Every structure is written in structure tokens, then in C-alpha cells.
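*Asks:* I am attaching a structure below and will ask some questions about it afterwards.
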Amino acid sequence: MRSVKFIIAAGAATLLSQAALAADMAIAPPPQMYAPPPVIEDFGGWYLRGDIGFSNQRVDRLNNVLDANNTSSVQNLNFNTAGIYGLGVGYRVNNWFRADVTGEYRGNSQFFGTDRITYPGGVGTDTYHATKNEWVVLANAYVDLGTWWCMTPFIGAGVGGARVAINGFTDQGIANNGGGALPGLAFGDNVSKWNLAWALHAGVAYKVSPNFTVELAYRYLDMGDGLTGDLKTFDGTNNVVNPTTFKSITSHDLKLGVRWNFDQPQPVYQQPLVRKG
């Protein structure tokens, strides 16, 4: 009986000593999970842009106060293609909306037109020549429609002003009133005119790097009316003030542009995750 009590006491002492030793040992920290890779904020920031392209321009018709004498008029009016050169600065608000302000020079475009007219007592043909150029300033807003394989289609609209300059306008006319063909020649002074302008944009952008983007875009541009000086005959005289109006000048433009972002995308680091016991 005494031996059994001794064995029980020895076992209890052993358990107590092991418990005390375990209490003195440091508790191992719970395992930590690795933090995920940093998240890159891919929106926001200022950018600089540049554009080159060419125009495909139209004008509705030419108007002159002397047209009131005509009973019919059939006009054929054409502009040659001209270069477009622009710069701008903008801000990308997020990954779907951005806005910029652009200024551009549109180079000289040669104008050629004819007007076959009838009037009481005769018929005639007028032949027109001139050159035209513009300065255009626009505030634009764009919606980016999503990105696939670094390509982002977009649409946009803009509003601003256009300085339309008509230079070297000539009107060479041949009239036949039954007594033979009577030639005439009139000149209009150079005139520049500011108008309200507006535009619609559509295109696709390709992100070459986080800071550099190339875009190919179409633009419809309405620049308002152009105006010549008072038309005078070759000897410098005229009987009535009659400048010619280029009514409603529009253009279908094709442009190649680049955008350079000033701000680097900033990584956002996350705290390590701790597994709870």
C-alpha cells in the first residue's frame, strides 16, 4: 500500500514539474501570411499631348448680296487637303474619363469653285479661287470605353473657337446677256474671323508604356462661316458693298496623336495579413 502511494506522489510531482517548465517557455507566434503584391493605381494625373493629321473640308455654299439678282444657282465647291498640327494639356480623372485643352494650326488649303447662274436676260458662270487656314482652340472631354490588350477605344466632344482666314479670293465671271460673252474679274481683301467651333471625336488609343500612349482618331469639326473682304473690280471700284460668305465650313479630320503622362502610377502597399488563432 505504501508503494502505491509513493508511485502516485512521484507521478504527481513529475506532472507539476513539466507544467512549470511549459509555463516558463516562450509562446511561439502564430504563422503570418505573405502580403499580396502591391496594387498599382492606374488612373489620375496630368498629361501633355501632340497631334498631326490632315483635313477633308466642306463648305455649304458661297453667299453674296448680288445673288438676289439670280433666278438659279448651281455651285460646285472644293477644298484641297491641308495639314493639322496641334498641342494640348489635359488631366485624366480616372480610368474612364479625361479632359484636355488643345490648340492647333490648320495649314493653307486651296479653294476652287464654280457657280452656274441664270438671271433675267442671260446666263453666266463664276469661277472662284482662294486659300484658307485656321487656328482652332477646343476644350474636350473623352470617355474611355475599356482596355483590351493595351488598346482603349474612346469617344468625346469639344467646344471652343476657330479663327477662319480667307485669303486671295478672286471671282472671275463670264456673263452672256444675248449680246456676247462679257468677262469680269473681282477681288476680295483678306479677312480673318473668329467663330464658335465644336467637335466630335472617336478613336482608339494604344498604351506603349505606363507614361506613353499613341492614339489614332477621327474628328468631325464645325468651324462656322468664313468671310472675304468687299469684292472690287480690277480697277478697284464697286457699286455696292458685297463681301462673300463661306457658309458653314466643316471638316472630317484624321489625326495621329501621342500622350505623355507627367505622373507615374503609384503602388499602394498592403499590411501583412495575420492568421488568427
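*Asks:* How much length is gained if the chain between LEU256 and GLN172 is pulled fully straight, taking 0.36 nm per residue apart and subtracting their Cα-Cα distance, in nm to one decimal? Don't jump to the answer; show the numbers that get you there.
*Replies:* Numbers: separation 84, 0.36 × 84 = 30.24 nm, distance 3.87 nm.
Computed gain between LEU256 and GLN172 is 26.4 nm.
*Asks:* Right, another one. Per residue, what volume in Å³ does the convex hull of the Cα atoms of the range 98-144 enclose? Don't skip to the answer; put the middle values down first.
*Replies:* On the way: hull volume 6.6 nm³, N = 47.
Once divided by residue count, the hull of the range 98-144 is 140 Å³.
*Asks:* Work out, in µm²/s and without decimals, the Stokes-Einstein translational diffusion coefficient of the range 149-265 at 25 °C, 0.890 mPa s, Rh from Kirkwood over C-alpha pairs.
*Replies:* Using the Kirkwood radius from Cα pairs, D works out to 136 µm²/s.
*Asks:* Per residue, how many Å² of accessible area does the range 58-178 show with a 1.4 Å probe?
*Replies:* Working: 6010 Å² over 121 residues.
It amounts to 50 Å² per residue over the range 58-178.
*Asks:* Report, ordered by chain and residue number, the aspartates and glutamates lying within cross-link reach of LYS255, taken as a straight Cα distance under 17 Å and ignoring same-chain residues fewer than 8 apart.
*Replies:* Here the aspartates and glutamates satisfying the reach criterion relative to LYS255 are ASP51, ASP100, GLU104, GLU134, GLU215, ASP222.
*Asks:* Would you please state the base-10 log of I(q)/I(0) at q = 0.14 1/Å for the range 65-156, with intensities from the Debye formula using one equal scatterer on every alpha carbon?
*Replies:* -0.73
*Asks:* Also, quick follow-up: Efficiency by 1/(1 + (r/R0)^6): what FRET value for TRP148 and TRP96, r their Cβ-Cβ distance, R0 = 22 Å, to the nearest 0.05? Write out the running numbers ahead of the final one.
*Replies:* Numbers: r = 14 Å, r/R0 = 0.63.
E(calc), rounded to 0.05, equals 0.95.
*Asks:* Still on this structure, I have one more. Given a Förster distance of 30 Å, report the FRET efficiency between ALA202 and VAL74 from their Cβ-Cβ distance, rounded to the nearest 0.05.
*Replies:* On the way: r = 34 Å, r/R0 = 1.13.
It comes to 0.30.
*Asks:* Here's another thing I want to ask about it. Once R0 is set to 22 Å, what does the formula 1/(1 + (r/R0)^6) return for the Cβ-Cβ distance between TRP135 and SER209, expressed as a FRET efficiency to the nearest 0.05?
*Replies:* Details: r = 32 Å, r/R0 = 1.46.
Between TRP135 and SER209 the formula returns 0.10.
*Asks:* Let me ask you something else. Got a number for carbon plus sulfur as a percent of the range 39-93's accessible area, 1.4 Å probe? Can you show the working numbers first?
*Replies:* Details: 1820 of 3160 Å².
C and S fraction of accessible area: 58 percent.
*Asks:* Which translational diffusion coefficient, to the nearest whole µm²/s, is obtained for the range 120-200 from the Stokes-Einstein equation, given a Kirkwood hydrodynamic radius over C-alpha pairs, 20 °C and 1.002 mPa s? Mind showing how you got there, number by number?
*Replies:* On the way: Rh = 16.9 Å.
The diffusion coefficient I find is 127 µm²/s.
*Asks:* Also, quick follow-up: Take the alpha carbon atoms of the range 57-132, find their center, do the same for the range 167-232, and report the distance between the two centers in whole angstrom.
*Replies:* The distance from the Cα centre of the range 57-132 to that of the range 167-232 comes to 3 Å.
*Asks:* Let me ask something additional. Pairs of Cα atoms under 8 Å, at least six residues apart: use those to get the relative contact order of the range 174-264, whole percent.
*Replies:* 31 percent
*Asks:* Can you pull the one-decimal nm distance between simple spin-label points at TYR220 and ASP263, each 7 Å off the Cα toward Cβ?
*Replies:* Taking the two extended label points, one gets 3.4 nm.
The values are calculated or read from the model by the stated rules, or taken from the named source; none is laboratory data. Since we're looking at a predicted model, the values are computed, not measured. We place every Cβ from the backbone using ideal geometry, glycine too, and count neighbours over all the protein chains shown. Surface accessibility is based on the protein's heavy atoms, side chains included, excluding ligands, DNA and RNA. Shrake-Rupley method; radii C 1.70, N 1.55, O 1.52, S 1.80 Å.
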